[in-house]
1. Please get the size of the charge dipole for chain A, origin at its Cα centre, with Cβ charges of +1 on Lys and Arg and -1 on Asp and Glu, quoted in debye to the nearest 20.
2. Using only the Cα atoms of chain A, build the gyration tensor, take square roots of its eigenvalues as a ≥ b ≥ c, and label the shape rounded, prolate or oblate: rounded if a/c is under 1.5, else prolate if a/b is larger than b/c, else oblate.
3. What is the calculated FRET efficiency for A:LEU14 to B:VAL4, with r their C-beta to C-beta distance and R₀ = 25 Å, to the nearest 0.05?
4. So what is the calculated 222 nm ellipticity per residue for chain A, using -39500 (n - 2.57) for each DSSP H run with n of 4 or more, over all residues, to the nearest 500 deg cm²/dmol?
5. Please compute the length gained on full extension between A:LEU70 and A:ILE25, using 0.36 nm multiplied by the number of residues separating them and subtracting their Cα-Cα distance.
6. What spacing in nm lies between the two simple spin-label points modelled at A:ALA4 and B:PHE70, each 7 Å away from Cα in the Cβ direction?
7. Using the Cα centre of chain B as the reference point, and only Cβ charges (+1 on K/R, -1 on D/E), how large is the resulting charge dipole? Debye, rounded to the nearest 20.
8. Whole-Hz Karplus ³J(HN,Hα) for the range A:52-64, in order, using 6.51 cos²θ - 1.76 cosθ + 1.60 and θ = phi - 60°, x for Gly and Pro?
Amino acid sequence: MSPAFFLGASIIVLVAVVLSLYRVIRGPSIIDRIIGVNVVGTKSIAVILLTGQLFNRVEFFIDIAVVYALINFIGTLALSRYFERRGLYRGGGIK
Amino acid sequence: MTTVAAILIGLGVFFLFMGAVGLVRFPDFLTRMHAAGKCDTLGSLLLLGGLACHGGVTLSSLKIMVIAFFILLTSPTATHAIARVALKHQMTQQSEENR
């Protein structure tokens, strides 16, 4: 498969990352922001692997993708546990 | 094998993009969670499966399948944890003007 295919796929996924970042910045509640961060983390795994295919260095990029998958899961669980204990509405104008 | 990989990668990119569009366009956080959770899981699985098909039978493909299995386990778990926070704090509805 040509490198242009992987480049196009990476660009489309990056556009999706930008759309998710809009929800992270704009999102009215904390829940929306956590969902947006989770989605960006999942899409970054896809971008990392597509970049590895683009440069023909898949075996180096895979380990980074594994670390990203772990960090994404642990980070989302930590955020949800923190806000479960703390409450969603305290603390300024974040709502 | 290359055709199968191209079809899988294309479908995966499509689902990832549509998940992001749903995350932007849907009115309240429960529907956003619906779009993000399912589209992300399916899109990532299809894309990683396509990359594994493209690589052939190597150690890299095995690692990619391990990542795919991990995402299959953890992405619904993370969505469930977020939804439980919203349920615990009685955040069931949002108004339409918060879009």
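1. My answer is approximately 560 debye.
2. Because a/c hits 1.5 or more and a/b fails to exceed b/c, chain A counts as oblate.
3. Result of the calculation: an efficiency of 0.50.
4. Helices in chain A give a 222 nm mean residue ellipticity of -29500 deg cm²/dmol.
5. Full extension from A:LEU70 to A:ILE25 adds 13.8 nm.
6. The answer from the label model is 3.5 nm.
7. Roughly 160 debye for chain B.
8. x, 5, 5, 9, 6, 10, 5, 5, 7, 7, 5, 5, 5
Where a number appears in this text, it was derived from the coordinates with a stated rule and is not lab data. Note that the structure is predicted; figures quoted are calculated from it, not measured. As a convention, Cβ positions derive from the backbone with ideal geometry for all residues, glycine included, and neighbour counts pool all protein chains shown.
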